[in-house]
Amino acid sequence: MKTIQKIKITVRNGKEEKRETIGNPRPVVDNVAEELISKGEKATSEEELKKIKGLRILDIWEESEKEEEFNVDNANGDKLKKYAKENNIDLGEATKVADIREVVKEWINNLTVE
């Protein structure tokens with residue numbers, strides 16, 4: 001899922017010194033964020049940064065890809081199988097979605113206990 005994140009950049013004499021995120025990433029819906037992002041890209045291009053003399057703090061928007069969090073209770077069969085394969089979870093005899101979900105839940109619970 002595409003998201004935009006507000007970033008605070010500290011620039012001193014044309015060089016980026018510090019970069020920190022402000023708030024939480026927000027989902028990008030249609031082209032709503034295009035203008036914000038293009039303004040941010042212009043403000044942080046290397047040429048623009050080199051022109052800055054002294055100390056300056058910029059607030060910009062950046063676009064990023066955010067992975068959706070895995071929710072075992074809402075995942076369908078394919079997502080559960082993919083998660084099990086990625087984490088080397090032995091599904092044993094489980095073939096039905098409900099059975100696979102229980103095996104994955106038990107594996108996750110064992111991780112949090114240890």
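The values are calculated or read from the model by the stated rules, or taken from the named source; none is laboratory data. Predicted model, so just to flag it, every value in this text is computed and none were measured. Counting neighbours? That spans all protein chains shown, and the Cβs are built from the backbone with ideal geometry, glycine included.
Residues that are surrounded by 14 or more Cβ atoms within 10 Å (Cβ to Cβ) and in contact with a helix residue (DSSP H, G or I) (Cβ under 9 Å, 6 or more places away or on another chain) were ranked within the stretch 11-26; the one that is nearest to LEU55 (Cα to Cα) is VAL11.
Rundown of residues vs (1) at pLDDT 85 or above; (2) outside any helix (DSSP H, G or I); (3) outside the structural domain of ARG19 (by TED's automatic domain parsing); (4) loosely packed, with under 11 Cβ neighbours inside 10 Å, yes/no style:
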{"position": "LEU49", "(1), (2), (3), (4)": "no, no, no, no"}
{"position": "LEU58", "(1), (2), (3), (4)": "no, yes, no, no"}
{"position": "PHE70", "(1), (2), (3), (4)": "no, yes, yes, no"}
{"position": "TYR83", "(1), (2), (3), (4)": "no, no, yes, no"}
{"position": "ALA94", "(1), (2), (3), (4)": "no, yes, yes, no"}
{"position": "ALA98", "(1), (2), (3), (4)": "yes, no, yes, yes"}
{"position": "ILE108", "(1), (2), (3), (4)": "no, no, yes, no"}
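Regarding THR21, is this residue modelled with pLDDT of 80 or more and not aliphatic (A, V, I, L, M)? Spelling it out, THR21 is indeed modelled with pLDDT of 80 or more and not aliphatic (A, V, I, L, M).
Of the set (1) surrounded by 14 or more Cβ atoms within 10 Å (Cβ to Cβ); (2) at pLDDT below 80; (3) not in a loop (DSSP other than H, G, I, E, B), all apply to LYS6 but (2). Against the condition surrounded by 11 or more Cβ atoms within 10 Å (Cβ to Cβ) and at pLDDT 70 or above, how does VAL32 come out, does it pass? Spelling it out, it is not the case that VAL32 is surrounded by 11 or more Cβ atoms within 10 Å (Cβ to Cβ) and at pLDDT 70 or above.
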